[in-house]
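Participant: Got a structure here, written out as C-alpha cells. Questions coming.
The values are calculated or read from the model by the stated rules, or taken from the named source; none is laboratory data. Worth saying up front: this structure is predicted, and the values here are computed from it rather than measured. Positions of Cβ are backbone-derived with ideal geometry, glycine not excepted, and every protein chain shown enters the neighbour counts. For accessibility, only protein heavy atoms count, side chains too; no ligands or nucleic acids. Shrake-Rupley method; radii C 1.70, N 1.55, O 1.52, S 1.80 Å.
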Amino acid sequence: MADPVRVGILISGRGSNMASLVDASMAADSPYRVVRVLSNVEDAGGLAIATAAGVPIWARSHKGLKRAEFDALIDAELRAADVELVALAGYMRLLSPEFIAGWEGRILNIHPSLLPLYKGLDTHARAIAAGDAEAGCSVHVVTPELDDGPVIAQARVAIRPGDTPGSLADRVLVEEHKLYATALADYARRLR
Ligand code: GRF
C-alpha cells in the first residue's frame, strides 16, 4: 500500500469535523494521516482534541497581520510538516489567493449546505426561511471564490416541520462527520 497522504487540518473552533477526520485516519487501511492541526484561534476547542489524539498543533492569532502575511505563516508550517493535502474544517477565515494558488487542487472544505445553494454563513436559517424540503452538506475543492470550487461529495438531510437552525444543524453535522471522512479518503486515494 502507498504511504498515507499527509493531511493538515485548519480549524477555528470546536473541531468536531477535525476529530472525525482524525478518528477515521486511525483505521489501518486509511489512505491519509493527519500530521498537523492548525488554528487561527489560540484557544480553539479542537486543539485539545487534536493534542489528546497525538496530533501536533500550531496555533496563532491572525490579529494584527495582513491576510497574506498570516497565510504565509500557515503555508510555512504546512510545508515544514510535509503536508500534501489541506482540509478546512470550520476554518472561519478566507484564505488569500496566493495561498490557494500555492495549493491548487490540494485544499478541501466542508460547507453546511447543498452547494451551490447558500454559500457563506447562516446556511440552515436560510434554507428554513426559503421553505426548502432538504438541507445538507457539501465537500468541495477550494478555489479563490468563497464556497465555490468543484463539489466532490454531498449528503442530504430532510428539513422537518418545526426545525430550527440549531436542530437542523445538529442533524446535518452528523452527516458532515461521515461525509468528510469518506470524501477526504477518496480524494487522498486519487492523489496516489
Ligand atoms: C461545520 O458545520 C462546518 O460545516 C462549518 O462550520 C462548522 C464547524 O464545526 N464550516 P466543527 O468545528 O467542525 O465542529
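Participant: Could you point to the residue in Phe70, Ala80, Leu95 farthest towards the positive end of the chain's charge dipole, with +1 and -1 charges on the Cβ of Lys/Arg and Asp/Glu respectively?
Facilitator: So the residue furthest toward the plus end is Ala80.
Participant: A follow-up question, please. Can you check what the net charge comes to around Asp71, using other residues whose Cβ is under 13 Å from the Cβ of Asp71 (Lys, Arg +1; Asp, Glu -1)?
Facilitator: Summing Lys and Arg as +1 and Asp and Glu as -1 gives +1.
Participant: Can you give the calculated 222 nm mean residue ellipticity of the chain, where each DSSP H run of n ≥ 4 adds -39,500 (n - 2.57) and the sum is split over every residue, rounded to the nearest 500 deg cm²/dmol?
Facilitator: Theoretical 222 nm ellipticity from helices: -11500 deg cm²/dmol.
Participant: Ok, one more. So what is the relative contact order for the chain, in percent, with contacts set as C-alpha pairs under 8 Å and at least six apart?
Facilitator: Averaging sequence separation for qualifying contacts and normalising by length gives 21 percent for the chain.
Participant: Same structure, new question: So, in nm, how far is label Ala80 from label Leu65 when the simple model puts each one 7 Å beyond its Cα toward the Cβ?
Facilitator: That separation, rounded to one decimal, is 1.1 nm.
Participant: Hey, what's the Cα Rg ratio for the chain versus the globular rule of thumb, 2.2 N^0.38 Å?
Facilitator: Cα-based Rg divided by the globular estimate yields 1.00.
Participant: How large is the accessible surface per residue of region 5-191, computed with a 1.4 Å probe and reported in Å² as a whole number?
Facilitator: Using a 1.4 Å probe on heavy atoms only, each residue of region 5-191 averages 46 Å².
Participant: Report the gain in length on full extension from Ile152 to Leu121: 0.36 nm times residue separation, minus Cα-Cα distance, nm rounded to one decimal.
Facilitator: 9.1 nm
Participant: When you take every Cα atom in region 87-192, what is the radius of gyration, and what is Dmax, the widest Cα pair distance, in Å?
Facilitator: Cα only, region 87-192: 14.1, 46 Å (Rg, Dmax).
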